[in-house]
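The values are calculated or read from the model by the stated rules, or taken from the named source; none is laboratory data. These figures come from a predicted structure and were not determined experimentally. Here Cβ is always computed from backbone atoms with ideal geometry, including for glycine, and neighbour counts include all displayed protein chains. We work out accessible area using only protein heavy atoms, side chains counted, and drop any ligands, DNA or RNA first. Shrake-Rupley method; radii C 1.70, N 1.55, O 1.52, S 1.80 Å.
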Amino acid sequence: MQQELSRRQALAWFAQMGVGAAAASAFASAVLGAQRQQRPNILYIMSDDHAAHALSCYGSKINTTPNLDRIAKEGMRFDNAFVTNALCGPSRATLLTGKYSHANGFKDNAPSTRFDGTQQTFPKLLQAVGYQTAMIGKWHLNSDPTGFDYWCILPGQGVYQNPGFIEMGKRQTVQGYVTDIITDKTMDWIRNRDKNKPFCVLYHHKAPHRAWNPDEKHARLYEDQEIPYPPTFDDDYANRATPARDQDMTIEKTLTKADTKIDPPPGLSGQELKKWKYQRFIKDYLRCIASMDDNIGRMLDFLDTEGLAENTIVIYTSDNGFFLGDHGWFDKRFMYEQSLRVPLLVRWPGHIKPGSVAKQPVINADFAPTLLQCAGQPVPADMHGRSIKPILEGQSPADWRKSVYYHYYEFPAPHHVHPHYGVRDDRYKLIHYYTLNEWELFDLEYDPNELRSVYDDPAYAQVRDRMKAELDRLRTELKDTTP
């Protein structure tokens, strides 16, 4: 019998051996229960720029994601998952370290910013206790991975067609579509691993990052449809601080021919041109997601076939959220909801009740402590995050955080989003653009689209003071000393 097998495989094997159905079922349950006591394998799936409102399990109005929905159906969906710095490299550094950007040293995507691979990371800690570790796909940290038995990464952002890879320091070009290739490489590594050890593999997609080049299979998806426009598509940026108007990330002005792939029809201008650009962008974006969803389905089927599904934690998330025409924008960076919020789906058979939904606020700094605790390891005291393992197992810790802290740094290029930090609780959000000394306060209950700052509204004076005190408390607790 395989070392690890699914319940269905176990029952089929017992039937072939002539074991009665009742006895087979009881014995299969015992075998699978024993497997679940083993240290779990970990498959951590991260996409790039996948907004939570572009997954059907989160109620998307513009696309369906049946394979990602399967993870939610068989596991837990987190409805309040947030990042601490909505940018590719910083988010990945936070994943590895369990620390905010000011503590792990990777604050922005500038070419000179390099991840310090000598510091403590959760893959190193797992590797030290016998886990096989691998990093495959998008890395984007300007240094070679450390703490991995095997790594094969895209240089920089990578490209969609015939991508280059750096495999254990050696460059190669692979023919094909990047999403397929990353999946194939991850399955090959799992298939050829040492089967006597648990594994942790970071399976990181480029999709659906700009420039949104779909594969041939999905190139004409949505071709005859008009994708709905978000309610804030024509935002005029009134009633907010300067940065909402001062940014350079609008569908109307910032998208170029490199994004739309072709010139607009002759004579288009104004609102019609803006809508044309949006349709070109959003359809390619969703096509890239469709390819990724197909490949994640392939991966889930592979785990079933290999008998690994029962003892493997599967996590899906994105490095940050994304504006899908919301506020007339694409990209991320701002602390506004579509950028701050990420999808988070976790499947762990025997530990998570299928179809569960968690409402507690979690952050990407929680991932490292969670994976360590799920593997039976202690969580270092210097990590900023907290393990969500109790939540996965149906508990509601009374002392769970009530608010989350955010800090974005990169300025001026690209997209000219001013640096800011802020705090969000279950109803209010306070943002400080500290280089301008401008503030925003949003009441998310009455203004979920964040169209009107109430920072100067006397009716919110007590809320403003309370949120400022909470912001100061978190900055002190996290030792973020940015002036």
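Residues checked against (1) within 21 Å of residue 90 (Cα to Cα); (2) not hydroxyl-bearing (Ser, Thr, Tyr):
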| site | (1), (2) |
| --- | --- |
| 364 | yes, yes |
| 372 | yes, yes |
| 375 | no, yes |
| 384 | yes, yes |
| 393 | no, yes |
| 408 | yes, no |
| 429 | no, yes |
When every residue in region 256-292 that is in contact with a Phe, Trp or Tyr (Cβ under 6 Å, 6 or more places away or on another chain) and assigned to a loop (DSSP other than H, G, I, E, B) is compared, the one nearest to residue 222 (Cα to Cα) is 264
Suppose we filter region 36-80 for residues that are open to solvent by 20 Å² or more (accessible area, probe 1.4 Å) and touching a residue at least 12 places away in the same chain (Cβ under 8 Å); how many remain?
18
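Listed residues 477, 450; which is touching a strand residue (DSSP E or B) at 6+ places or on another chain (Cβ under 6 Å) and either part of a loop (DSSP other than H, G, I, E, B) or open to solvent by 20 Å² or more (accessible area, probe 1.4 Å) (or both)?
On the way: 477 fails: touching a strand residue (DSSP E or B) at 6+ places or on another chain (Cβ under 6 Å).
After ruling out the rest, the residue left standing is 450.
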Qualifying residue in region 82-91 (condition: out of contact with any strand residue (DSSP E or B) (no Cβ under 8 Å at 6 or more places or on another chain) and aliphatic (A, V, I, L, M)):
no
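Mind checking whether some residue in region 403-417 is acidic (Asp, Glu) and not in a loop (DSSP other than H, G, I, E, B)? Please lay out each step first, then the result.
Looking only at region 403-417, we keep the residues that are acidic (Asp, Glu), and these are 410.
Still in the list and also not in a loop (DSSP other than H, G, I, E, B): none.
Looking through region 403-417, none of the residues is acidic (Asp, Glu) and not in a loop (DSSP other than H, G, I, E, B).
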Identity of the residue in region 103-119, open to solvent by 60 Å² or more (accessible area, probe 1.4 Å) and not β-branched (Val, Ile, Thr), that ends up nearest to the chain's Cα centre (by Cα)
107
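For residues that are of a type in the set (Asp, Glu) and more than 18 Å from the chain's Cα centre (by Cα), scanning just region 356-402, find the one that is farthest from residue 76 (Cα to Cα). Write out each step before concluding.
Of all residues in region 356-402, those of a type in the set (Asp, Glu) come to 366, 382, 393, 399.
Filter again for more than 18 Å from the chain's Cα centre (by Cα), leaving 382, 393, 399.
Numbers: 382: 27, 393: 10, 399: 21 Å.
Looking at residues that are of a type in the set (Asp, Glu) and more than 18 Å from the chain's Cα centre (by Cα), I get 382.
Pick out the one residue from 356, 291, 339, 387 that is open to solvent by less than 30 Å² (accessible area, probe 1.4 Å), within 30 Å of residue 188 (Cβ to Cβ) and either without any contact (Cβ under 8 Å) to a residue 24 or more places away in the chain or among the small types (Gly, Ala, Ser) (or both). Break it down into steps so the answer makes sense when it comes.
On the way: 356 fails: within 30 Å of residue 188 (Cβ to Cβ); 339 fails: within 30 Å of residue 188 (Cβ to Cβ); 387 fails: within 30 Å of residue 188 (Cβ to Cβ).
Going through 356, 291, 339, 387 in turn, just one is open to solvent by less than 30 Å² (accessible area, probe 1.4 Å), within 30 Å of residue 188 (Cβ to Cβ) and either without any contact (Cβ under 8 Å) to a residue 24 or more places away in the chain or among the small types (Gly, Ala, Ser) (or both): 291.
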Those residues of region 108-145 which are touching a His at 6+ places or on another chain (Cβ under 8 Å) and basic (Lys, Arg), in sequence order:
138
Looking only at residues in region 342-377 that are touching a Leu at 6+ places or on another chain (Cβ under 7 Å) and assigned to a loop (DSSP other than H, G, I, E, B), which one is nearest to residue 332 (Cα to Cα)?
343
Do we find a residue being over 24 Å from residue 215 (Cβ atoms) and at pLDDT 95 or above anywhere in region 275-283?
yes
Of the residues in region 165-179, those that are surrounded by 15 or more Cβ atoms within 10 Å (Cβ to Cβ) and not β-branched (Val, Ile, Thr) come to 165, 177
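Given the structure, is residue 405 open to solvent by less than 60 Å² (accessible area, probe 1.4 Å), of a type in the set (Phe, Trp, Tyr) and within 22 Å of the chain's Cα centre (by Cα)? Walk me through how you get there before you give the answer.
Working: open to solvent by less than 60 Å² (accessible area, probe 1.4 Å): yes; of a type in the set (Phe, Trp, Tyr): yes; within 22 Å of the chain's Cα centre (by Cα): yes.
When the stated conditions are applied, residue 405 passes them.
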Just need a number here: residues in region 261-276 that are open to solvent by less than 60 Å² (accessible area, probe 1.4 Å) and among the hydroxyl-bearing types (Ser, Thr, Tyr).
0
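Would you point out which residue out of 45, 71 is part of a helix (DSSP H, G or I), closer than 23 Å to residue 386 by Cα and at pLDDT 95 or above?
Details: 45 fails: part of a helix (DSSP H, G or I).
Going through 45, 71 in turn, the sole match is 71.
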Just one of 465, 472, 456 is in a loop (DSSP other than H, G, I, E, B) and either open to solvent by less than 10 Å² (accessible area, probe 1.4 Å) or among the acidic types (Asp, Glu) (or both); which is it?
456
So for region 212-220 (the condition being open to solvent by 20 Å² or more (accessible area, probe 1.4 Å) and under 29 Å from residue 94 (Cβ atoms)), does at least one residue qualify?
yes
Pair list, Cβ < 6 Å and 6+ apart or interchain, from region 131-155 residues that are without any contact (Cβ under 8 Å) to a residue 24 or more places away in the chain to residues that are assigned to a strand (DSSP E or B) and crowded, with 19+ Cβ neighbours inside 10 Å:
149/132; 149/133; 151/135
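Any residue in region 328-335 that is of a type in the set (Asp, Glu) and either crowded, with 24+ Cβ neighbours inside 10 Å or in contact with a Gly (Cβ under 7 Å, 6 or more places away or on another chain) (or both)?
Initial filter on region 328-335 (of a type in the set (Asp, Glu)): 331.
From what's left, either crowded, with 24+ Cβ neighbours inside 10 Å or in contact with a Gly (Cβ under 7 Å, 6 or more places away or on another chain) (or both): none.
Looking through region 328-335, none of the residues is of a type in the set (Asp, Glu) and either crowded, with 24+ Cβ neighbours inside 10 Å or in contact with a Gly (Cβ under 7 Å, 6 or more places away or on another chain) (or both).
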Region 224-257 - residue that is of a type in the set (Val, Ile, Thr) and crowded, with 16+ Cβ neighbours inside 10 Å and, of those, farthest from residue 210 (Cα to Cα)
232
Would you say residue 307 is at positive phi, at pLDDT 95 or above, open to solvent by less than 10 Å² (accessible area, probe 1.4 Å) and not in a helix (DSSP H, G or I)?
yes
